[in-house]
Every structure is written in structure tokens, then in C-alpha cells.
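**Q** Attaching a single structure in C-alpha cells format; questions to follow.
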């Protein structure tokens, strides 16, 4: 498959249309940045896309969806629950296998939190939690990434590093970002959302910060 | 003030209770109630720990029955919680928990006799119904997001173990521990119908006026419950659970033919059993309804309403005892002790004691129910006020109580009260066994007369009444938008 | 980690079930209706158990129960094979267990009586017939013994209904069930109830032992005599414990002559009994609706 065609996307809240109807296609290899002011419908759109893909993509939602009572290891390991038989997963819950431990630890090292492997996610800071959700998404090894503000709680250099990692790990990605410069730097294509409609759709190389700020 | 629905409903219930008091049988019939009460307290103050050789065994059995019953109940309840969405399962659970442990024990006694299984099932069955409901509420509250994010193809077992259970685990553990405490109370009162737990000896000592012996048993029971955090440790639990079945005692062997006989003969209404036809059955059923069920229902409802309001009043009066907004540490500590004793004593034992001391009427039952339930609610509300921050210049004393605290906690107070409504009714019915003319009295009479068909009809009616009150309580809580937590 | 306690709980649950259903060797078990204070019952029937064990050459065990119905149920369910029943509980038990027999009764049980007692402050005065008491009794508080008792419930209720043509709850302002005869005595003595009905043997024994405050409570009426307590045995004991076992038990009971043991009942001795001796009790119970 060379890409995705999204047709007739709509969403309503309390009978009020918040998204669409809108349609667009994404080619394989494209890294799409979704921009627009808060409330424009970016999060809703990400959800819609995830449902359309039947879960065949890694998703990093804004609320992260971590299991607070479980340690970091298990939260990350959850990205590959479909890869193992039930007994394996159940044993892992009690006593993880070495090769999984090594794989997850390596991933966490790249994200700068290797020492947190056995800490319950409830005990982590916002930025650390965000990196656990990112690690889970990467660990899943899906071809496509859907992410909703994945780096909002990360500071400067770490945010850059993580964004670079995401675009490198996933062949295709659609990432909602409020940081316009970040979007221009890491994405190949920018889609601007305004009042639930596509107000801007252009390659990132043809845009400047000023072009995008009209959306806000 | 009447503009608030919470206030209107409070006054409605208050008026109902006052009307109830006017028609109810409220009296102290003993000649020297205070002297007897004094002797009882003297007995508690001079406990005799060496009265019965069986006391320690009874204590051990009490713990063993509680552990095995609650374990079995929590496992079955957990499995039922997984399919709790299905209507038949919900109805089934509502039904089994609407029947009190003592009624279950009375039923099993008829065919298992004095076999440990009687006591174990009497606790496990109603507890399974309660666990199923609460566990499913806890599971429903779990964040659904992690499960949504799992890769497609994840087995439902793995999804459940990773995305559902961990976040619910602490709450489920807390609730299970709380039920274990309830299980100890249930286990103790099973002795009143003949199982080898604490209630067996308590009843004997009390009925003979051996207050020092009874006092010793009560003190040991409070110690057992108060020290639970010390001896019920997660690490020790598996050991207790494995060991408990071996400490249930031998009892007497089960004769399985009795089980079949009970279900195919004993509980079949006698006119049908002897083939007298529908007309005879209608007459028989009418007789049960008019002479036993209706008076029983009336007394049960009247007593429940009075006890409910008395519970509410007591809880409102009692919560300042442990609230950090009033009094010093000394008063709070003694308040704490009082509330712990009030809530640790099973209503049944309290009612039994008061009936012995004050003579038979609804009064001992009302006081017992109010003390126990008021103790529980007062404790919860008191703790809740401790998390309230008042402005520095807030009024003190009575004004602080009535203007600052009560209005703030009133909604959760009502939520707890309506949550316990059904529990109070279940207890009210059972107190009939002690001689108050509620439904339990007629159930007990039927069993004493070896008329299990009547007993079963009356138990079914009791269960339906409980289910009705439970539904009404939930309706009121929903209408008033009162939220409850299952930890009450 | 987090899951391990749950798994252990599961394992233990199955263990609980399997351990609970194990059986035990053949022991001859008997019980008795709890008509008096439990300490007295345990003392009395442990003595009987020791005596029977010696006479019968099998292990004999007494189990205390909390209600008359529990005694009947245990007998019916074959968890006990022998029981010391009252008149009514014996009739109930033998109806439910075909083949069971009354084998022995106390000498005094041929002509048993119920005493109506009253607290002296109640103003109820002794009388020769129950109707003379009518005006005195009306509106008083009254307690029976156990709901399943012959002398404490069945006979007094029968005479009350017979003489006054009213249910007890219509005659008295309050009707209770004390639970046993000793408690009936204590409750009327203390004034909790103004009037009560109890087993005459319990009264006489307590009186003899000086345990009654005769200034506070007195006998106001005695019922005509009726048959009461008896030993009842299941019909299938011969199959289970060997040919002639029933006969051995009967003989052992009839020849019981330990004065201390007899005193604890209190009976002067045991004499043969038969099911037919209790026909009047059955008729009375049917009459007031306790038996269907």
C-alpha cells in the first residue's frame, strides 16, 4: 500500500459538527504536521484517523493512556502484547524475560530515562510519562504513527531529539503540534486546521512561520 | 431552605420515621434496665478470659470461616463481575446478596447440617453477590484509554491483565480487606444459629447472665478487628488462606440425600406436595401472606425507617468526635475508640445484648442499628471533614458545625445513608430471629415448626423487599445526584 | 508481583472446597433440645455420652445445638442417630423419619406439667382453673419458652386458646419467646415479662436448689398432665452399628441409675416408651396449627 486515503471525515459533539466533512490522502513516507489553534479539532481528527486505521497505527494520545499502577517496563511492553501467546504475557506480568527487559531498557536509554525501568508510571513527572508513551509507541513497531502533542511536556533539546527519533522510527507519521517551528523542522508536509476544516495543506519546505500564524 | 431537594427528602424521611415511632412498639420492659446495663459494663470491665475451654478455638474458627468464606466469595464475585453486564447475572447477584448470611446459614443447616460447608457457603454466597457488584463498579471506573491503545490482535486476557486490573488492583484490595472485616463479623454471628464460632459462646454466656465471660469474648473480638492491620499482611495472606480450611472444625458428615430431599420435597408448598390442587395452594399462600408475610413486612419497613433516621441523626452527632475541626487530641482519640467499637460490633450482637438488658421491643433494635450504622457513617463523614480547609476566621463551636461543616458534607452524608438503607433493612429483617416481629421472626418460626416451604416463601419475600429498597435507594441517589463510593 | 496474591487466592479456594468435603469414621452421635442453660446441658449430656460409650462399645459424641428445630433437623438428616426430645419435637422428628422410635422416657414424663408463673408485682394471683385467671391475664405481658417447646409453648398455647378462644397475641399486650425454660424463669422473676409458662421440672429443680426469689415470682396455675420428653432413635441404627444396637441403646438408657446423672435431668429414672404414647401431643399440635 502506497498510502492512505481519508474520505468524508466528520465528527460531532452534542449535535454540533466539529470536524469536516473533510478528505485528504497521505503518501507513504510522508511526515504530516497538523497545526492550528487549540480547539480547532486536531485531537478529534487524530482520534478519527486512528479509528479509520483500525488501530493499525501507533497512537500517542494527549492523555498518554498509561496504566499508572504498572511500572514503566510493562507500559512499554504493552506495545507488543499481540506478538506473544497469552501465557508469555501473563508470565511477563509477574517476571519479565531477559530479552524483553534488554530491548525496553535500550529504548529507554535513547529517551534518557533508563533508570526508571521499574518505577510505576504514577510516580513519574509529566515529561517522563510522555517519554514512556513514546517508548510504547515505538516499541510497537507499527509502520505509521499518530500522535497528539507528543512533546508538549519536553524541554528544548530533548524535544528535538524525540521528534527526530519519531520521524526516523516511523515510515509515515501524522503528528499534531502546537509548536510551529518544530512542525516546520521535522515534518515534510503541514496541514492547518481551522474550524474543523483544512485551511492549509502544503509541503513544509514551501512554508514559513508567518504563513502558518495566519491560522491562529 | 425547603427549596433544596436534599432538605425536602430529609424532612420527608424524618416525618415518616416520626409517624413510625407513633405506631411502633418502642418500650423498655425490664424492671431494672440500667442496673442490668451497669452489670453488663461491670462484666466488660472485669473480663474472664478463662471461662470456656472452647473460647480460643471459637476465635480461631471465627477467623477460619471468615477467611474461607470471603476468599471463596471474592473469587466467585470476581468471575461474576466479568459478566456483570448481562442482565440475568445482575439479577442473580442482586438476589443472592439480598438474603442475609444468617438466612443462608439457616437454609444450609437444613441439609448440610453442622458441616463446615454450611458456614462457608453462608458467608461466600451473599458476599459473592456483593463482590460482583462492587468489583464491576471498580472495573468500570478504570481508564478505558490504555485498552484502546493496545495493538489489534492482543488477546482479551492480556488486555484485561495489563490494561484493566492493575489500575483497579489497589481499590479492589482495599475493598476486599474491608469485606474481610465484615466477614469476621458475619462469621461471629453465625454462632448464634449453632456454628462453632464466637457467637455460639457469646449467646450461651449472655443468656446465663455471665457478663464477665461475655465481656471477655467481646474484648477479644474487638482486639481481633482492631489489630487486623497488624496481622492481615499481604505477605501472610496466602498462608492464612491455605491454612484456614484446616481450622474450620470437623462438624458432622454431609448426607447428600438430604440435599435432594430439601429441594424436591421440603420447600415445595405443602398443598402441592400432598397433591391438594391449586385451590388449596391459593388458600395456603393467602394464609402465609395474611398471617405472616404482611405483618412481617409492615414491622420490617417501620423499623427500617425509624432505624435509618436514627442512624442519620447519630452519624451527624458523632462525626465531630473524630473531626479535626473540634476538640483536642484526647477527645478525638476517645471519639475514635467509641466509633471503632460502634462499627466493629455486629448489629445482631448489639441488638441481642440490648434485648437482654431492656426487654423485647423495637427499641433495642433501633438503638443497635443506629449505633452500628451511625458509627460507620459518622466515621466516614468525620474523616471527610478532616480534608476540608476552612478560612482562618471561620466561626467556632456550634456555628462552625452548623454553618461550615454540615452543609459541606451533607450530600455525601445522604449518599452514605441511602447506600446503607438496604443494608439496614436486611439487618432489620434478620433481627426478627431475636424476637422482634419483623420478617425474620416469621422465618424463624416456620423453621422451628419444620415448615421449610413457609420459610422459603418468607425468605423470598424478604429478598424481594430488599431488592426493592435497593432500587429505590439508587433512584433517590440518582435523582439527587448523590455519588457514592463502594467503600461504605 | 502485583498478580501473585490473586493466583494464590484462587488455589486456596479450591483447597477449601476439597478439604471441607472429607468425611469421618462412624461415631454414634446424639443431641438434645436446648431447653435449659447450655452449661447445664453440656454437663448433663457429656455424662450421658461417657455412660453410653462405656455401655455400647462404640465412640459416642454429644453435640449441642442452638434450637429445637436444629435438633430435629440433625436427627432427620441422620447427622445424629439418637436424641432427647420434648413431646412436640419428638412427634415432629418421628413424622419426618419413618422407622424412628421413642424408646425411653423419664418416669416423670408420663405425666408432665406446665406451670404458669407470674411476677408478684403483676397482681396475678394463683388460681385453680385457667378461666379464673382470665381477668388477671388480659393485657399483661407474657412469654413462652422456645417456639418448638412442648411444655413452654405447645401446651400453654393450647390451654390459652382452648379456655379463652383467642390467640395469645390477642389476649396479652405482648407475647415473647424467651428461648428456654431457665430464661423464662429469669425474665418473669426480673419483671421483663409479667407472666410466663415453663416446664414444671425446671421450676421444681431451681426451687430446690434455692435459685428462685419466691418473693418476686410465683406459680399461678398448673396444666393438666401430658406426656413429654423421650429418647428417640432412628430406625436404621441396626444397619449401621450392627444387629441389636437399638436394643442395646434402649437397655442402656433404661438401666441408667447413676444418681448424679439422673439428678441433672432431673428424672428419677427412665422407663420404656412408644410412639403411641405421644398421640395426644400430635393431636394438640395439629389443633393449633404447628403441625400441618
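**Q** Among the residues of segment A:55-72, is any in a helix (DSSP H, G or I), touching a residue at least 40 places away in the same chain (Cβ under 8 Å) and buried (at least 16 other Cβ atoms within 10 Å of the Cβ)?
**A** We begin by selecting, within segment A:55-72, every residue in a helix (DSSP H, G or I); these are A:72.
When the remaining residues are screened for being touching a residue at least 40 places away in the same chain (Cβ under 8 Å), the result is A:72.
Then keep just the ones that are buried (at least 16 other Cβ atoms within 10 Å of the Cβ); that gives A:72.
The answer is yes, given that some residue of segment A:55-72 is in a helix (DSSP H, G or I), touching a residue at least 40 places away in the same chain (Cβ under 8 Å) and buried (at least 16 other Cβ atoms within 10 Å of the Cβ).
**Q** So, one more: Here are some residues: B:472, B:458. Which one is at pLDDT 95 or above, away from every other protein chain (no Cβ under 14 Å) and either surrounded by 24 or more Cβ atoms within 10 Å (Cβ to Cβ) or on the phi < 0 side of the Ramachandran plot (or both)? Before you say what the answer is, go through the steps one by one.
**A** Values: B:472 fails: at pLDDT 95 or above.
It is B:458.
**Q** Exactly one condition in (1) buried (at least 18 other Cβ atoms within 10 Å of the Cβ); (2) over 30 Å from residue A:20 (Cβ atoms) is false for residue A:101; which is it?
**A** (1)
**Q** Of (1) modelled with pLDDT of 90 or more; (2) surrounded by 15 or more Cβ atoms within 10 Å (Cβ to Cβ); (3) in contact with a helix residue (DSSP H, G or I) (Cβ under 7 Å, 6 or more places away or on another chain), residue C:125 satisfies all except one. Which?
**A** So residue C:125 meets the others, but not (2).
**Q** Restricting attention to segment B:127-146, does a residue exist that is at the interface with another protein chain (Cβ under 10 Å from one of its Cβ atoms), surrounded by 20 or more Cβ atoms within 10 Å (Cβ to Cβ), in contact (Cβ under 8 Å) with a residue 24 or more places away in the chain and in a helix (DSSP H, G or I)? If you could, list the steps in order and put the result at the bottom.
**A** The first filter runs over segment B:127-146 and keeps only residues at the interface with another protein chain (Cβ under 10 Å from one of its Cβ atoms), leaving B:142-146.
Among the residues that remain, those that are also surrounded by 20 or more Cβ atoms within 10 Å (Cβ to Cβ) are: B:146.
Checking which are in contact (Cβ under 8 Å) with a residue 24 or more places away in the chain leaves us with none.
Among the residues of segment B:127-146, not one is at the interface with another protein chain (Cβ under 10 Å from one of its Cβ atoms), surrounded by 20 or more Cβ atoms within 10 Å (Cβ to Cβ), in contact (Cβ under 8 Å) with a residue 24 or more places away in the chain and in a helix (DSSP H, G or I), which makes the answer no.
For (1) more than 14 Å from chain B (Cβ to nearest Cβ); (2) closer than 30 Å to residue A:52 by Cβ; (3) modelled with pLDDT of 95 or more, each residue gets a yes or a no:
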| position | (1), (2), (3) |
| --- | --- |
| A:114 | yes, no, no |
| A:126 | yes, yes, no |
| A:144 | no, yes, no |
| A:152 | yes, yes, no |
| A:155 | yes, no, no |
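**Q** List, please: which pairs have Cβ atoms under 9 Å, are six or more places apart or on different chains, and start with a residue in segment C:67-82 that is at positive phi and in the same structural domain as residue C:35 (by TED's automatic domain parsing) and end with one that is assigned to a loop (DSSP other than H, G, I, E, B) and buried (at least 24 other Cβ atoms within 10 Å of the Cβ)?
**A** What qualifies is C:78/B:113.
**Q** Working carefully through the options B:360, B:392, find the one that is within 14 Å of another protein chain (Cβ to nearest Cβ) and modelled with pLDDT under 85. Even if it seems obvious, please write down each step before you answer.
**A** Numbers: B:392 fails: within 14 Å of another protein chain (Cβ to nearest Cβ).
Going through B:360, B:392 in turn, just one is within 14 Å of another protein chain (Cβ to nearest Cβ) and modelled with pLDDT under 85: B:360.
**Q** If you don't mind, there's one more thing I want to ask. Against the conditions (1) within 12 Å of the chain's Cα centre (by Cα); (2) buried (at least 21 other Cβ atoms within 10 Å of the Cβ); (3) without any contact (Cβ under 8 Å) to a residue 40 or more places away in the chain, where does residue A:170 fall short? Just the number, please.
**A** It fails just one condition, (3).
**Q** Please report, ordered by residue number, the strands (runs of 3 or more DSSP E) entirely within segment C:212-289 with at least 2 residues that are under 17 Å from the mean Cα position of the chain (by Cα) and surrounded by 15 or more Cβ atoms within 10 Å (Cβ to Cβ).
**A** On the way: elements: C:217-222, C:230-233, C:270-272.
So the answer is C:230-233.
**Q** Take the residues in segment B:211-243 that are out of contact with any helix residue (DSSP H, G or I) (no Cβ under 8 Å at 6 or more places or on another chain) and not in a helix (DSSP H, G or I), then tell me which one is farthest from residue B:65 (Cα to Cα).
**A** B:235
**Q** For segment B:290-377, which fully contained helices (runs of 4 or more DSSP H) count at least 3 residues that are over 24 Å from residue B:202 (Cβ atoms)? Walk me through it before giving the result.
**A** Details: elements: B:294-318, B:329-344, B:347-358.
In segment B:290-377, B:294-318, B:329-344 are the helices (runs of 4 or more DSSP H) which contain 3 or more residues that are over 24 Å from residue B:202 (Cβ atoms).
**Q** Still on this structure: If I ask for residues that are at pLDDT 80 or above and part of a helix (DSSP H, G or I), which ones from segment B:21-36 would you list?
**A** The answer is B:21, B:22, B:23.
**Q** From A:20, A:79, A:36, which residue is modelled with pLDDT under 85 and buried (at least 17 other Cβ atoms within 10 Å of the Cβ)? Working first, answer last.
**A** Values: A:79 fails: modelled with pLDDT under 85; A:36 fails: modelled with pLDDT under 85.
Going through A:20, A:79, A:36 in turn, the sole match is A:20.
**Q** Quick one: in segment A:173-190, which of the residues that are surrounded by fewer than 22 Cβ atoms within 10 Å (Cβ to Cβ) and either in a loop (DSSP other than H, G, I, E, B) or not assigned by TED's automatic domain parsing to the domain that holds residue A:53 (or both) is modelled with the highest pLDDT?
**A** Residue satisfying both the conditions and the ranking: A:188.
**Q** Which members of segment C:240-292 meet the condition of being within 20 Å of residue C:30 (Cβ to Cβ) and within 14 Å of chain B (Cβ to nearest Cβ)?
**A** C:240
**Q** Has segment B:196-208 got at least one residue that is crowded, with 21+ Cβ neighbours inside 10 Å and outside any helix (DSSP H, G or I)? Reasoning before the result, please.
**A** Kept after step one, since they are crowded, with 21+ Cβ neighbours inside 10 Å, are these residues of segment B:196-208: B:196-206.
Still in the running and outside any helix (DSSP H, G or I): B:196-197.
Looking through segment B:196-208, at least one residue is crowded, with 21+ Cβ neighbours inside 10 Å and outside any helix (DSSP H, G or I).
**Q** Please enumerate the residues belonging to segment C:140-191 that are over 24 Å from residue C:212 (Cβ atoms), without any contact (Cβ under 8 Å) to a residue 40 or more places away in the chain and more than 14 Å from chain B (Cβ to nearest Cβ).
**A** C:162, C:163, C:164, C:165, C:166, C:171
**Q** Being within 16 Å of the chain's Cα centre (by Cα), part of a helix (DSSP H, G or I) and more than 16 Å from residue C:86 (Cα to Cα) is the filter here; which residues of segment C:155-204 pass it?
**A** C:183, C:184, C:185, C:203, listed by residue number.
**Q** Is one or more of the residues making up segment B:249-256 over 29 Å from residue B:442 (Cβ atoms), at the interface with another protein chain (Cβ under 9 Å from one of its Cβ atoms) and touching a helix residue (DSSP H, G or I) at 6+ places or on another chain (Cβ under 9 Å)?
**A** Among the residues of segment B:249-256, at least one is over 29 Å from residue B:442 (Cβ atoms), at the interface with another protein chain (Cβ under 9 Å from one of its Cβ atoms) and touching a helix residue (DSSP H, G or I) at 6+ places or on another chain (Cβ under 9 Å), which makes the answer yes.
**Q** Having 3 or more residues that are farther than 28 Å from residue B:178 by Cα is the bar; report the helices (runs of 4 or more DSSP H) wholly within segment B:396-488 that clear it.
**A** Working: elements: B:406-431, B:439-448, B:452-479.
Once the helices (runs of 4 or more DSSP H) in segment B:396-488 are filtered for at least 3 residues that are farther than 28 Å from residue B:178 by Cα, what remains is B:439-448, B:452-479.
**Q** Test residue B:98 against the stated conditions and say whether it is within 14 Å of another protein chain (Cβ to nearest Cβ) and buried (at least 24 other Cβ atoms within 10 Å of the Cβ). Quick ask: steps written out before the conclusion?
**A** On the way: within 14 Å of another protein chain (Cβ to nearest Cβ): no; buried (at least 24 other Cβ atoms within 10 Å of the Cβ): yes.
Considered against the rule, which asks whether it is within 14 Å of another protein chain (Cβ to nearest Cβ) and buried (at least 24 other Cβ atoms within 10 Å of the Cβ), residue B:98 comes out as no.
**Q** Here are some residues: C:30, C:85. Which one is buried (at least 22 other Cβ atoms within 10 Å of the Cβ), within 12 Å of another protein chain (Cβ to nearest Cβ) and in contact with a helix residue (DSSP H, G or I) (Cβ under 9 Å, 6 or more places away or on another chain)?
**A** C:30
**Q** Another one. Specify which of the listed residues (C:198, C:137, C:133) is farther than 23 Å from residue C:40 by Cα and in contact with a helix residue (DSSP H, G or I) (Cβ under 8 Å, 6 or more places away or on another chain). Even if it seems obvious, please write down each step before you answer.
**A** Details: C:198 fails: farther than 23 Å from residue C:40 by Cα; C:133 fails: in contact with a helix residue (DSSP H, G or I) (Cβ under 8 Å, 6 or more places away or on another chain).
Going through C:198, C:137, C:133 in turn, just one is farther than 23 Å from residue C:40 by Cα and in contact with a helix residue (DSSP H, G or I) (Cβ under 8 Å, 6 or more places away or on another chain): C:137.
The values are calculated or read from the model by the stated rules, or taken from the named source; none is laboratory data. The structure presented is a predicted model; accordingly, all values stated were derived computationally and were not measured. Counting neighbours? That spans all protein chains shown, and the Cβs are built from the backbone with ideal geometry, glycine included.
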